[in-house]
Amino acid sequence: MIALRLPMAFKIPLVVTVFMAAVAVFVSERVLSRFQEAQTRHVGDLATIYLDGMASALVEPVVREDEWEAFDIIDRARQIHAGLRLTETVVALADGRVLASSDPRAHSSWSPLPPSFLTQRTQAPMVDVRDDEAQAVSRRDLASGGTIVGSVHATFDIAPLLAERRSVLWSLIVTNAALTLVLALAAWLTVRRMMRPIQVLASHLEEGAGQRVEPIPEQFVEAAPLEVRRLFQAFNGMAEAVQEREVLSRQLVEEERLASLGRLASGMAHEINNPLGGLFNALDTLKEHGERGDIRRRTIDLIERGLRGIRDVVRTTLVTYRADQDIHSLKRADVDDLRLLVEPEVRRKWLALRWVNEGYDELPMSPSVVRQVLLNLLLNACRAAPEGSQVGFEAHVDGPCFVATIEDMGPGLPIGARNALTDPGGKPLPGSGGGLGLWMVHRLIKEVGGTVAALPRIPAGTIVRITIPLKDEEGTANVA
Amino acid sequence: MDRPGPSRRKVVSGALALATVAGTHQVRAASGELRFGLTPVFLTSDLELLDRLRSCLEQATGLSVRLVTRRTYQEITSLLLSGQLDTAWICGFPYVVNRSRLALVAVPVWQGKPLYRSYIITDRDRQARTLDDLRGDVHAFSDPDSNSGWLVTATALARDGLTPERFFSRTIFTYGHRNVIRAVASGLAMSGSVDGYVYEIMRETEPDLIARTKVVRQSELLGFPPVACPAGSIDDPGIRSLQAALVGMPEHPDGQAVLRLLRLDGFSIEDPSLFEAIAAEVAIVRGGG
């Protein structure tokens, strides 16, 4: 199964190599076995010719048991047949004794014929090719008047034949190996060439997954084969669409940011404007009745409260949008302060805000994140809630988590918005009004390792619940 | 074709007396033709030698010369005795046996003398130093009618009251001195009786073959195998001119070439008494037999 994981540029040459090796083995086997057959036949023919030639001359000496004559014949014949690589010739009598050998020291006259020769009687000349001993042994019976009078045996050195066979084998191996190598290389180059457009496509896709999707340059598209060109063109079309969408969503983000900023600014202006009217009234009162001590004190007190209200609004806004990473503890008052920012919207829509925030004093988590998340959700709830209805907020600590629930009686979250809140796939969804704020909520919650869930409220509205784990044991110790 | 070799146990002279050479080629005399028999006493296989010998003799005698070779000594001797050859180069042994019916034409001179020796040879690596060490051997003889290739060894054994058949486990006749050397060199025979002259020539011509053997025993000097003719024809003009041609070979260019090939100094006319030593051997063998 390893082969399946290899890239095509290796797999196809590998297949070529295996295929070629199989063909080479098969062809070599055929060639060698045919070659061996031919050699065996050749040895057989030569041995038969030799033995037949010897037989006619040897019958008489064998009948006479003339060892010199027999020796003389085979000794001279050895010189004549030097090309045959004859190693030994032995003439035996019918009773199996050696009459003469071309090498009398090895097989002396009148000794029994050794079993290494062919001892079975045979009508026709018989040849036994023994590759392992690198020799061929042959026998021909000598007959006189229909009676077997003896036999002539010849052994041939077939080492040159075996060497020839080995050299054929080697040349087959070398040729086939070279051929296989060349074909594998050709296959590798071809596949690599064929795969190049695919690699271009793959690298562009990989880049796109990381950051921006770039279209494939025009020169690659034009150089590519027809099928691949269509693929490239389709990819480029897709890449352009993705780029357009990215531009669009960037614009949307900007717009949404401006919108939410505007909402906040108008809320703030409203919050500052309300006490300002009272403050001007108080200033008028002071101008007219400032000399009266009781009125002056009351009026100054009124001015002080008005200014304090303005200060609180400004400070809360600052705290909420300051990305101050050094502050790691969330106070209950930080959450309560949010009421101030929501208040103008609540009042504008005649909403009743149910506010429950208890069970803790200080939690080990970033107040900036929690406040941004809660403010976003609260403003969303206010916007969703119909005029004169109720918006609920509840925050408490549940085991190792800070849990906040925001509910409204609006028409419920559209599917797109809910997905943006719970599983936006890492990107803001364009085209859904509150989607961007919800997407930011999701991103911030994810940063602190929390979860967010959006549930439909019965009979109408939405419940959004966020759960943020407390950072450590130390943090939970602070829970009241 | 050649008949099988003669029985080894027959007395040589008996065989020769009976010889009618049945079945051999008829060697017919043509007018003006000299029929010259050659025994395997020297290297008959050398066709160049035969050619040169014939042309040399033809030029010297003015006769047409026909060289006749046979496988065994006996065949040549029989042909000569039966008149089917005018003359023949035979061995000292058949000459001595048939001395009364043959006359000497010429005797080769080798190393300055019309004499040679017989050798008993064995394998080079063998420890044997005397004839006695060869007891029980497979022994190769050249020819039952050969002096150096049979008679000398048989005589040596007869002096101790032995025969080759009893002394050796087995004997082989190879019908050629060169064959004796081949038999011993190859291991077919453990020892052999061979012409010392042939052995010495082969030291030069076939040193590899000779190198595989060594000489155990050398005989005394004996009369060199002579050229003989029937006793009645010694004064024939043809024989006389042949005699003159042989003796005059050193002066003739072709003759010199032949002598060089044979490693002989020349031919000389010798007295039959040259072969007394061989005659004595025959007497011993016959007495011992």
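The values are calculated or read from the model by the stated rules, or taken from the named source; none is laboratory data. Since the structure is predicted, the reported quantities are computational estimates derived from the model, not experimental observations. Cβ coordinates were reconstructed from backbone atoms using ideal geometry, including for glycine residues, and neighbour counts include every protein chain displayed. For accessibility, only protein heavy atoms count, side chains too; no ligands or nucleic acids. Shrake-Rupley method; radii C 1.70, N 1.55, O 1.52, S 1.80 Å.
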When restricted to B:49, B:85, the only residue surrounded by 22 or more Cβ atoms within 10 Å (Cβ to Cβ), assigned by TED's automatic domain parsing to the domain that holds residue B:246 and within 20 Å of residue B:245 (Cβ to Cβ) is B:85
Picking from A:270, A:328, which residue would you name as being in a loop (DSSP other than H, G, I, E, B) and either loosely packed, with under 15 Cβ neighbours inside 10 Å or not aromatic (Phe, Trp, Tyr) (or both)?
A:328
Could you tell me which of the residues B:129, B:166, B:178, B:182 is at pLDDT below 95, outside any helix (DSSP H, G or I) and not small (Gly, Ala, Ser)?
B:129
Could you please find all residues in region A:190-228 being in contact (Cβ under 8 Å) with a residue 24 or more places away in the chain and among the charged types (D, E, K, R)?
A:192, A:212, A:214
Here are the criteria: (1) under 20 Å from residue A:154 (Cβ atoms); (2) out of contact with any strand residue (DSSP E or B) (no Cβ under 9 Å at 6 or more places or on another chain); (3) open to solvent by less than 60 Å² (accessible area, probe 1.4 Å). Tell me which single one residue A:13 does not satisfy.
(1)
Spans of helices (runs of 4 or more DSSP H) in region B:1-114 with at least 3 residues modelled with pLDDT under 95 and of a type in the set (Gly, Ala, Ser)
B:12-18
Does residue A:74 count as within 14 Å of another protein chain (Cβ to nearest Cβ) and either crowded, with 20+ Cβ neighbours inside 10 Å or closer than 30 Å to residue A:177 by Cβ (or both)?
yes
Which residue out of A:149, A:200, A:129, A:174 is part of a helix (DSSP H, G or I) and either closer than 30 Å to residue A:63 by Cα or modelled with pLDDT of 85 or more (or both)?
A:174
Residue B:276 is checked against (1) farther than 16 Å from residue B:117 by Cα; (2) open to solvent by 70 Å² or more (accessible area, probe 1.4 Å) and fails just one. What number does that condition carry?
(1)
Any idea which of A:91, A:149 is within 14 Å of another protein chain (Cβ to nearest Cβ) and more than 27 Å from residue A:32 (Cβ to Cβ)?
A:91
Could you tell me which residue of region B:144-192 is most open to solvent (accessible area, probe 1.4 Å), considering only residues that are hydroxyl-bearing (Ser, Thr, Tyr), within 14 Å of chain A (Cβ to nearest Cβ) and in contact with a Ser or Thr (Cβ under 7 Å, 6 or more places away or on another chain)?
B:175
Quick one: residue A:41 ticks every box in (1) part of a helix (DSSP H, G or I); (2) away from chain B (no Cβ under 14 Å); (3) more than 60 Å from the chain's Cα centre (by Cα) bar one, so which box is it?
(3)
Complete set of residues in region A:332-348 that are farther than 12 Å from residue A:312 by Cβ and surrounded by 15 or more Cβ atoms within 10 Å (Cβ to Cβ)
A:332, A:334, A:335, A:342, A:344, A:345, A:346
Please state which one of A:170, A:110 is surrounded by fewer than 20 Cβ atoms within 10 Å (Cβ to Cβ) and away from chain B (no Cβ under 14 Å).
A:170
Quick check on my filter: what residues within region A:94-106 are within 10 Å of another protein chain (Cβ to nearest Cβ) and closer than 16 Å to residue A:73 by Cα?
A:100, A:101, A:102, A:103, A:104
Near pairs, Cβ below 6 angstrom, 6+ apart or cross-chain, from region B:173-199 (on the phi > 0 side of the Ramachandran plot) to any residue that is of a type in the set (S, T, N, Q):
B:175/B:72
If a residue must be surrounded by fewer than 20 Cβ atoms within 10 Å (Cβ to Cβ) and either in contact with a Ser or Thr (Cβ under 7 Å, 6 or more places away or on another chain) or under 22 Å from residue B:128 (Cβ atoms) (or both), how many such residues does region B:217-230 contain?
2
Confirm whether residue A:24 is part of a helix (DSSP H, G or I), more than 14 Å from chain B (Cβ to nearest Cβ), touching a residue at least 12 places away in the same chain (Cβ under 8 Å) and buried (at least 19 other Cβ atoms within 10 Å of the Cβ).
no
Of all residues making up region B:248-268, the number that are modelled with pLDDT of 95 or more and more than 19 Å from the chain's Cα centre (by Cα)
0
Sort through A:461, A:435, A:426 and tell me the only one that's of a type outside the set (Asp, Glu), at pLDDT 80 or above and farther than 26 Å from residue A:364 by Cβ.
A:461
Looking for whichever is basic (Lys, Arg), open to solvent by 90 Å² or more (accessible area, probe 1.4 Å) and touching a residue at least 60 places away in the same chain (Cβ under 8 Å) here; the options are A:85, A:34. Which one fits?
A:85
Any residue that is in contact (Cβ under 8 Å) with a residue 24 or more places away in the chain, within 13 Å of chain A (Cβ to nearest Cβ) and part of a helix (DSSP H, G or I) - is there at least one of those in region B:209-218?
yes
Looking only at region A:206-219, and only at residues there that are open to solvent by 80 Å² or more (accessible area, probe 1.4 Å) and at pLDDT below 80, the one that is nearest to residue A:194 (Cα to Cα)
A:207
Report, ordered by the first and then the second residue, all pairs with beta carbons closer than 8 Å, sequence separation of six or more or different chains, a first member in region A:96-125 that is under 15 Å from residue A:70 (Cα atoms), and a second member that is open to solvent by 40 Å² or more (accessible area, probe 1.4 Å) and acidic (Asp, Glu).
A:99/A:65
Please identify the pairs in which a residue from region B:124-145 that is in the same structural domain as residue B:184 (by TED's automatic domain parsing) has its Cβ atom under 8 Å from the Cβ atom of a residue that is of a type in the set (Asp, Glu), counting only partners at least 6 apart or on another chain.
B:127/B:133; B:142/B:195
